[in-house]
Amino acid sequence: DQAPLSSPIPEHSDPRALRSLAQSEGVVGPWGGRLTHMTTPAGPSAVTAVPAAPSEVALEHFAGLLSLETDCWDVHDALSDGPGDFVLLDVRSPELFAGGHVPGALNLPHRRIVDRNVAAYPSETVFVVYCAGPHCNGADKAAIRLAALDRPVKKMIGGIEGWKDEGFDLEIGAG
């Protein structure tokens with residue numbers, strides 16, 4: 001028979017401590033074997049403590065993200081067959097751009113995104129912007145400027161660091 005635990009189980013115990021307590025006291029599962037893992041009766045984990053959103057909310061949220069963002073892999077794939085159906089803007093400084101940028105990108109620092117610098121492109125042109133990476137908000141600033149000019153825009157999440165993390169080549173020089 002299963003022996004009761006001599007110590008009460010605290011409501012929010014660490015699972016490792018509970019497993020250790022159970023094993024040291026010879027607690028066995030209903031099949032007669034020793035317990036190798038335990039879940040706490042205390043309630044949901046930190047992951048499920050806040051319930052997942054209803055499917056329709058999740059669908060709207062994630063579809064919304066994809067209307068605002070793309071990733072390095074999708075940009076690479078789109079450019080692998082030649083010029084894409086978008087304009088790729090590296091919004092970092094000219095010095096950083098020259099040190100290495102996504103092949104096919106144009107350099108237009110976010111502070112220089114004004115109507116005269118994008119006027120040559122048809123109004124329906126989609127711009128994809130990127131900066132250094134997740135630690136940089138230059139792409140967000142660029143996206144705001146383009147949106148304020150009523151231009152379609154997406155951010156390439158990950159930036160140049162994400163590009164390098166994927167193992168994609170950089171082009172060196174001013175372009």
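The values are calculated or read from the model by the stated rules, or taken from the named source; none is laboratory data. This structure is a prediction, so every number in the text was calculated from the model and none was measured. For neighbour counting, all protein chains shown are included, and Cβ atoms are generated from backbone atoms with ideal geometry for every residue, glycine included. Only protein heavy atoms, including side chains, enter the accessible area calculation; ligands, DNA and RNA are left aside. Shrake-Rupley method; radii C 1.70, N 1.55, O 1.52, S 1.80 Å.
Would you pick out the residues in region 157-175 that are aliphatic (A, V, I, L, M) and either over 14 Å from G99 (Cα atoms) or modelled with pLDDT of 95 or more (or both)?
In the first step, residues of region 157-175 are kept if they are aliphatic (A, V, I, L, M); the result is 157, 160, 170, 172, 174.
Result: I157, I160, L170, I172.
Among the residues of region 62-74, what is the count of those that are polar (S, T, N, Q) and part of a helix (DSSP H, G or I)?
Here is the first cut: in region 62-74, the ones polar (S, T, N, Q) are 67, 70.
Right, trim to part of a helix (DSSP H, G or I) and you get 67.
The qualifying residues number 1.
Take H110 and tell me if it is within 22 Å of the chain's Cα centre (by Cα), free of Cβ contacts under 8 Å to residues at least 40 places away in the same chain and surrounded by 13 or more Cβ atoms within 10 Å (Cβ to Cβ). Yes; evaluated as a whole, the condition is true for this residue.
Every residue, every condition in (1) hydrophobic (A, V, I, L, M, F, W, C); (2) within 22 Å of the chain's Cα centre (by Cα); (3) assigned to a strand (DSSP E or B), yes or no:
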| residue | (1), (2), (3) |
| --- | --- |
| A78 | yes, yes, no |
| P83 | no, no, no |
| R92 | no, yes, no |
| R116 | no, no, no |
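Considering region 44-61 alone, what residues qualify as being surrounded by 10 or more Cβ atoms within 10 Å (Cβ to Cβ) and either in contact with a Gly (Cβ under 9 Å, 6 or more places away or on another chain) or part of a loop (DSSP other than H, G, I, E, B) (or both)? Residues satisfying the conditions are P44, S45, A53.
Kindly check whether there is at least one residue in region 145-154 that is farther than 25 Å from G64 by Cβ and touching a helix residue (DSSP H, G or I) at 6+ places or on another chain (Cβ under 9 Å). Walk me through it before giving the result.
We begin by selecting, within region 145-154, every residue farther than 25 Å from G64 by Cβ; these are none.
Checking region 145-154: not a single residue is farther than 25 Å from G64 by Cβ and touching a helix residue (DSSP H, G or I) at 6+ places or on another chain (Cβ under 9 Å).
Considering region 69-88, and only residues there that are closer than 13 Å to I157 by Cα and touching a residue at least 24 places away in the same chain (Cβ under 8 Å), the residue that is surrounded by the most Cβ atoms within 10 Å (Cβ to Cβ) turns out to be V75.
Checking P134, P103 one by one, the residue that is in a loop (DSSP other than H, G, I, E, B), modelled with pLDDT under 95, touching an Asp or Glu at 6+ places or on another chain (Cβ under 8 Å) and open to solvent by 30 Å² or more (accessible area, probe 1.4 Å) is P134 and no other.
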